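Participant: Handing you a structure now.
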Amino acid sequence: MHDLRAIASLFDMRADFVHAHPYGSGHINDTYCAWYDLSGKRVRFIHQRINHNVFKDPVALMKNVERVTQHALSRLLEANHPEAYRRTLTCIPSVDGSAWAFDADGNCWRTYPFIERARGYDEIESLMQAQEAAKAFGEFQKLTADLGGERLNETIPNFHHTPTRLENLEKAIVAADPDRREAAADLIEFALSRSGDCHKVTDLIESGAVPERVTHNDTKLNNVLLDDVTSEGVCVIDLDTTMPGSVLYDFGDMIRTACPTTREDEVDLRKIDLRTDRLEALLKGYLSSASSFLNQCEIDHLAFSGKLLTLECGMRFLTDFLEGDVYFKIKRPNHNLDRCRSQFALVKAIEKRLPEMEDLVQTIAGRVE
Ligand code: ADP
Ligand code: GN1
Ligand code: MG
């Protein structure tokens, strides 16, 4: 636990720090919810330490976040949105006026107002949630489409370049501790057996059939806050990987996180399946906001993107396990192995359902046009 009172003093809070506690279930950053006293009223903020093991240039990252959030806010204010400050993250400035601040140990921090009366879900509870989350991510892509200015910084190069992820896995297999390699033998075999899928989307991007766009790149269900009462997608969060990418990365990760019958680290593999009613809800929500700018090739690969992103995520968990659990936060030994096993079980479930999923995409896309 960091000294949050000291962190608070780095920002222009205009309220008195009361106390803070670790918050949320993200795998990457250190997130704290901090309570403040503002003229007798309790208000809360999020303080976050950016994981600089994962994000090598936190200032370049924060410059992206600052641009995207300012753009979103100005659009909301132009439209006289009654809840503009709840619909986008906004950066509280540091005492010297930047959107970030470094502590005495060289850690980079940022502060956001806490988005109230809404939350993110690790596990989905209703079809409405899937639909609203997908709509919100589609709107986010629409918003970033007219960002203007320079290309955003690549906060993690080759983040969703699946062939590079496969190469990283192959290197990790060679360098791994023999016990870990042995424990993961069946999963290594599975990953390598699906290597033919890894280059399909990057080939389409290289050929120009799938355009580069500004995308979120981490559209896990818990990275959109849904209204406590209406389930409406209120605010897209976790903008660390918002950078040039493909809509297929965003939709694929929505499938991976919103459609399974179990959570990401389920150990009872018999329970793992993909719910096509949830895919239908995702498609309805996403296409209601994104159909105006998607091309046919993107639409034709939406179902496959679910398989690709699930395979890629499983490969990343496996690589991290082989490298000694240095990237994703883990809560128990073999956690990354369990996560990988569950993701690969989901890949198999998707493979069985792919024809049904493809039909659903064409049906819903046909209805929206
Ligand atoms: P990570 O990269 O580690 O996933 P996130 O930015 O997703 O970090 O934050 C972790 C969790 O903190 C989120 O899943 C969400 O529950 C919560 N959170 C983050 N920002 C806010 C905010 N502004 N208001 C309310 N909750 C937030
Ligand atoms: C991480 O930050 P979080 O927990 O929302 C990861 C994603 C993975 C996800 C798997 C920057 O997301 O890419 O898909 O875990 N984020 C980063 O749960 O690597
Ligand atoms: Mg997150």
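Participant: Compute the separation of the alpha-carbon centres of segment 37-60 and segment 1-22 and state it in Å as a whole number.
Facilitator: For segment 37-60 versus segment 1-22, the Cα centre distance is 9 Å.
Participant: Now for a separate question. Rounded to the nearest 20 debye, what is the charge dipole size of the chain about its Cα centre when +1 sits on each Lys and Arg Cβ and -1 on each Asp and Glu Cβ?
Facilitator: In total the dipole reaches around 540 debye.
Participant: Cα to Cα, under 20 Å, and not fewer than 8 places away if on the same chain: which aspartates and glutamates meet these conditions relative to Lys171?
Facilitator: Asp179, Glu182, Asp186, Glu189, Asp197, Glu312, Asp320, Glu323, Asp325
Participant: To continue, here is another question. Taking the Cα centroid of segment 167-211 and of segment 335-360, what is the distance between the two, rounded to the nearest whole Å?
Facilitator: Between the Cα centre of segment 167-211 and that of segment 335-360, the gap is 16 Å.
Participant: If the reach is capped at under 14 angstrom between alpha carbons, list the aspartates and glutamates near Lys56, excluding any in the same chain fewer than eight residues apart.
Facilitator: Glu154, Asp240
Participant: Another question about this same structure. With only Lys, Arg, Asp and Glu charged, each at its Cβ (+1 for the first two, -1 for the last two), find how big the charge dipole of segment 288-350 is about the Cα centre; round to the nearest 20 debye.
Facilitator: 320 debye
Participant: While we're here: Which Cα, out of Leu308, Phe344, Gly24, lies furthest along the positive dipole direction of the chain (beta carbon charges, K/R +1, D/E -1)?
Facilitator: Of the candidates, Gly24 comes out farthest on the positive side.
Participant: Would you mind telling me the share, in percent, of accessible area of segment 48-138 contributed by carbon and sulfur at probe 1.4 angstrom?
Facilitator: 50 percent
Participant: How far apart, in nanometres, would the label points at Val267 and Asp203 be if each is projected 7 angstrom from Cα along the Cα-to-Cβ direction?
Facilitator: Going from the Val267 label point to the Asp203 one covers 4.0 nm.
Participant: Need the full-extension length gain, Cys297 to Asp122, defined as separation in residues times 0.36 nm minus the C-alpha distance. One decimal, nm.
Facilitator: Full-extension gain reported as 59.9 nm.
Participant: Take each of the peptides 295-303, 315-323, average the number of other beta-carbon atoms within 10 Å over its residues, and list them starting from the highest.
Facilitator: 315-323, 295-303
Participant: Let me check I have the definition right: for the chain, take the eigenvalues of the Cα gyration tensor, multiply each by 5, take square roots. What are those semi-axes in whole Å, largest first?
Facilitator: Listed largest to smallest, the semi-axes of the chain are 32, 26, 19 Å.
Participant: Net charge near His161: determine it from the other residues with C-beta under 13 Å of the C-beta of His161, scoring Lys and Arg +1 and Asp and Glu -1.
Facilitator: Combined, the nearby Lys, Arg, Asp and Glu give -3.
Participant: One-quarter of the Cα convex hull surface for segment 55-94, in nm²?
Facilitator: 3.1 nm²
Participant: Given a 1.4 Å probe, how much area per residue of the chain is accessible, in Å²?
Facilitator: 44 Å²
The values are calculated or read from the model by the stated rules, or taken from the named source; none is laboratory data. Everything quoted here is computed from the prediction, not taken from an experiment. A quick note on method: Cβ atoms are made from the backbone with ideal geometry, for glycine too, and the neighbour counts reach across all protein chains shown. Remember, those area values only see protein heavy atoms, side chains included, never the ligands or the DNA or RNA. Shrake-Rupley method; radii C 1.70, N 1.55, O 1.52, S 1.80 Å.
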